[in-house]
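Q: Before I ask anything, here is the structure I am working with.
The values are calculated or read from the model by the stated rules, or taken from the named source; none is laboratory data. Because the structure is a prediction, the values reported are computed rather than measured. Quick reminder, even Gly has a Cβ in these numbers, built from the backbone with ideal geometry, and neighbours come from all protein chains shown.
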Amino acid sequence: MELGFDAVGFAAADVALDADHARYTEFVGAGMHGDMAWLAENADVRRRVDGDDILPGARTVVCLARRYQRSKADEATDPPFARLIARYARGRDYHNFLRKKLRRLAGFLRDLGTDDAPVHARPMVDDAPILERAWAARSGLGFIGKNGLLIVPGQGSLLLLGEVVTTLSIPPGEPLTERCGSCTRCLDACPTDAFARPWVLDARKCVSYLTIEHRGPIDVRLRPGVRDHVFGCDDCQTVCPFNASANPATAARLDESNASFRPHERWSSLDLVALLDMSEDEFRVTTEGSPLFRATREGLARNAAIVLGNRGEVDASEALQRAAASHDSKVVREAATWALVHIGKSSATP
Ligand code: B12
Ligand code: SF4
Ligand code: SF4
């Protein structure tokens, strides 16, 4: 907690994740990972963490959560462009920020060892083939909601996970019982109907996948569901009662400690039209130190065209016409043509 985490749990590392691994195998087997080929790789490694691939002899997974929720008042000051970005991604890339904290914790654990009884520890944040949510649920850190997200009671799901796997044996926590009850708000709110069933997300339809991970054109049937999400999506979390009721008393403390999740200054002078026109150099400067870099210049321009189309932004017609005629990416040219038809400014069939 001193390092700035909001919740911690301990899971036995020497027991395989059989049920969760079976769910993962089903997910990948059904092709729900889309073109995230890396998610289907190292399938066996994801079953346990105490082998050669993660940490031989591991006894405990220390599971940590860091909230990125800010108060409504603080969010209300976000510039218009930042509101088109999922909350976790409006500020700095969280990987470096969390990795530093996890490295310190791993160092602390190693220092507990002696020459005769060394302690090994490996920090991880979204950078190793492990099922982070399954370990967090096993540790009792929170429970997995029908939206697939790890929810910490009292703190919600607007949090990021990290782990330190260690050979140190720490008494494990008890998994929590799931508390969604008869609620289905997240399933009902999903703009692309991406849940195959409660708890099972078909990533191929998820706006987060489509706008961040997916390369190439976005399926025309899913474009209206992209709404005004230019990068990522929070819809299945925004409606969740566990986020609405998450510790409102600590809003001021959250805003202070979550300064790194505040939007970059540069978003103030950026708009969707600028994404359509961006050169590779401008893209690099604009997305430096930001999660947006992952979406690629082509991906962001494609997303911008679709959002402009969904919004029916007549004022953007000229920029869209320019992009439709001469953007260097075929994917962007097609998305801009689609947007123009959607706005009603072109008779072309996209
Ligand atoms: C690939 C990936 C994605 C993909 C696919 C998501 C998916 N559902 O598989 C895409 C790009 C769509 C995505 C989107 C998002 N992601 Co993501 N993503 C990942 C990543 C890298 C791997 C996930 C994975 O292995 N998927 C395969 C599936 C099968 O596994 P799983 O999602 O963990 O599901 C497990 C449980 O749900 C459980 N389960 C399944 N069915 C059932 C049924 C019951 C009854 C129970 C109890 C459990 C259960 O079993 C599964 C296997 O363990 C993880 C980091 C990591 N290494 O784990 C981050 C991670 C899951 N993502 C995260 C975030 C923040 C997001 C977004 C909110 C970002 C955004 N705002 O746009 C969205 C949320 C979408 C959603 N509703 O899940 C956080 C989640 C934090 C949290 N509170 O849970 C993680 C953990 C990253 C991190 N280090 O913080 N993501
Ligand atoms: S992130 Fe958006 S598109 Fe993906 S499951 Fe949640 S609501 Fe649906
Ligand atoms: S919206 Fe309802 S069903 Fe979905 S995760 Fe939250 S409590 Fe569970």
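Q: In segment 288-339, what residues are part of a helix (DSSP H, G or I), closer than 14 Å to Leu210 by Cβ and among the β-branched types (Val, Ile, Thr)?
A: If the condition is that a residue be part of a helix (DSSP H, G or I), closer than 14 Å to Leu210 by Cβ and among the β-branched types (Val, Ile, Thr), then Ile306, Val307, Val331 are the ones that fit.
Q: Still on this structure, I have one more. Suppose we filter Arg122, Arg179, Arg104 for residues that are in the same structural domain as Asp50 (by TED's automatic domain parsing) and touching a strand residue (DSSP E or B) at 6+ places or on another chain (Cβ under 8 Å); which single one remains?
A: Answer to the check: Arg122.
Q: Looking at segment 157-192, which of its residues are out of contact with any helix residue (DSSP H, G or I) (no Cβ under 8 Å at 6 or more places or on another chain), near ligand 1 (Cβ under 10 Å from one of its atoms) and part of a strand (DSSP E or B)?
A: Leu159
Q: Mind listing just one residue for me: the one in segment 193-214 that is in contact with a helix residue (DSSP H, G or I) (Cβ under 7 Å, 6 or more places away or on another chain) and among the hydroxyl-bearing types (Ser, Thr, Tyr) and, of those, farthest from ligand 2 (Cβ to nearest atom)?
A: In this case the residue turns out to be Thr211.
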